[in-house]
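The values are calculated or read from the model by the stated rules, or taken from the named source; none is laboratory data. Keep in mind it's a predicted model, so treat the numbers as computed, not measured. Counting neighbours? That spans all protein chains shown, and the Cβs are built from the backbone with ideal geometry, glycine included.
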Amino acid sequence: MDEIWVGFDLGGTKMLAIAYDSDWKVLGRRRRKTKGREGSDSGIARIGSTIERLIEENELGEKKIRGIGIGCPGPIDLKKGRILTTPNLGWDDVEVGDYLKKKFNCPAVVLNDVDAGLYGEYQFGAAKGSRCAVGIFPGTGIGGACVYEGRILQGDGISCMEIGHTRISSSTRSSGYELPGTLEAEASRLSIAAEAAKAAYRGDAPALAEAAGTDLSDIRSGALADAINGGDKVIRRLIEEACESIGISVVNTIHLLCPDTIVLGGGLVEAMEDLMVGAVAKTARKHVMSPYRDRFKVVPAKLGDDAGVKGAAAWARQELEGHAAT
């Protein structure tokens, strides 16, 4: 019987499931929107039904699911396959691993979603061949990840690299977390959108005001990019300031780990790739110690939404079979 690997990415706004064969050929995909801050019981039921529909719609019932890898936002209990907390979804202590194992009668590996995304880029995309790769993915929050010599950098039974919650300024601005002045408070898409809304309200960002108004839910990555293209200089400066904050975090990371590749991903980067990658790299090279200045590159993620899904499936295979994807 043919075997398949299922990758799943649980994001703040969407769910994406993809089935792969053993050579990483895509056998089918299924995408659904999340329902905001729905309850965790309803949420994991939707995860299960999404995978069921993936199997049914692509007539994969005759194939055996060898394993499921699922990337989830927030800190993860790696031993129990449990989501500890997801601030953007409002879930706490969710036993997603056990649920998937019982429902599909196969192993399930749960990991942080940015870990999954970077591992996908390491195996198949922008960080392929790196000895040490660090990922920074600004979105509603800011996630971080590290793959070091082929392994995701993780704590003892818990995910780590919560770079968004490291303090990088003396600002009193908060991201909903007790510690102020964090990277997430300074440079997340939500923080940028809040400042952009003020600018639009004051009349300093007319292109944004006309296209998206002042509602935070409407000021998404594409709207910010369109405002810059429409001539809103204040919005461009907000993005540049956010990139400077991300660049300082890159400097801190280089001084700690000396990664050879820094991968920037997520919707904000995809919408303004040249601007953001260039600004982050410029800040990092300006402030890093001189011996490290030419030892790293800053690159955009290549795989888009598929990075987390493929990375989750590849990591599950690595953990279950003990070999890297090819």
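Things to note:
- Residue in segment 234-251 that is outside any helix (DSSP H, G or I) and either over 25 Å from Asp9 (Cβ atoms) or among the aromatic types (Phe, Trp, Tyr) (or both) present: no
- The listed residues are Gly266, Gly231, and the only one of them that is of a type outside the set (Lys, Arg) and touching a strand residue (DSSP E or B) at 6+ places or on another chain (Cβ under 7 Å) turns out to be Gly266.
- Scanning segment 32-47 for residues that are in a helix (DSSP H, G or I) and over 18 Å from Asp113 (Cβ atoms) returns Asp41, Ser42, Ala45.
- Within segment 1-31, tally of residues that are modelled with pLDDT under 90, assigned to a strand (DSSP E or B) and farther than 13 Å from Gly308 by Cβ: 1
- Counted residues, segment 284-326 - those being basic (Lys, Arg), surrounded by fewer than 14 Cβ atoms within 10 Å (Cβ to Cβ) and assigned to a helix (DSSP H, G or I): 1
- Filtering segment 177-191 to residues that are assigned to a loop (DSSP other than H, G, I, E, B) and surrounded by 14 or more Cβ atoms within 10 Å (Cβ to Cβ) leaves Tyr177, Pro180, Gly181, Ser188.
- Screening Ser174, Ser217, Ser170 for residues that are assigned to a helix (DSSP H, G or I), modelled with pLDDT under 95, surrounded by fewer than 18 Cβ atoms within 10 Å (Cβ to Cβ) and hydroxyl-bearing (Ser, Thr, Tyr) leaves exactly one candidate, Ser217.
- Output for segment 47-65, where each listed residue is surrounded by fewer than 19 Cβ atoms within 10 Å (Cβ to Cβ), touching a strand residue (DSSP E or B) at 6+ places or on another chain (Cβ under 7 Å) and not polar (S, T, N, Q): Arg53, Glu57, Leu60, Lys63, Lys64
- Segment 26-41 residues that are more than 23 Å from Trp5 (Cβ to Cβ), paired with ones that are acidic (Asp, Glu) and at pLDDT below 95 (beta carbon under 8 Å, 6 or more apart): Ser40/Asp92
- For Ala227: the one exception among (1) at pLDDT below 95; (2) crowded, with 19+ Cβ neighbours inside 10 Å; (3) of a type outside the set (Val, Ile, Thr); (4) out of contact with any Asp or Glu (no Cβ under 6 Å at 6 or more places or on another chain): (1)
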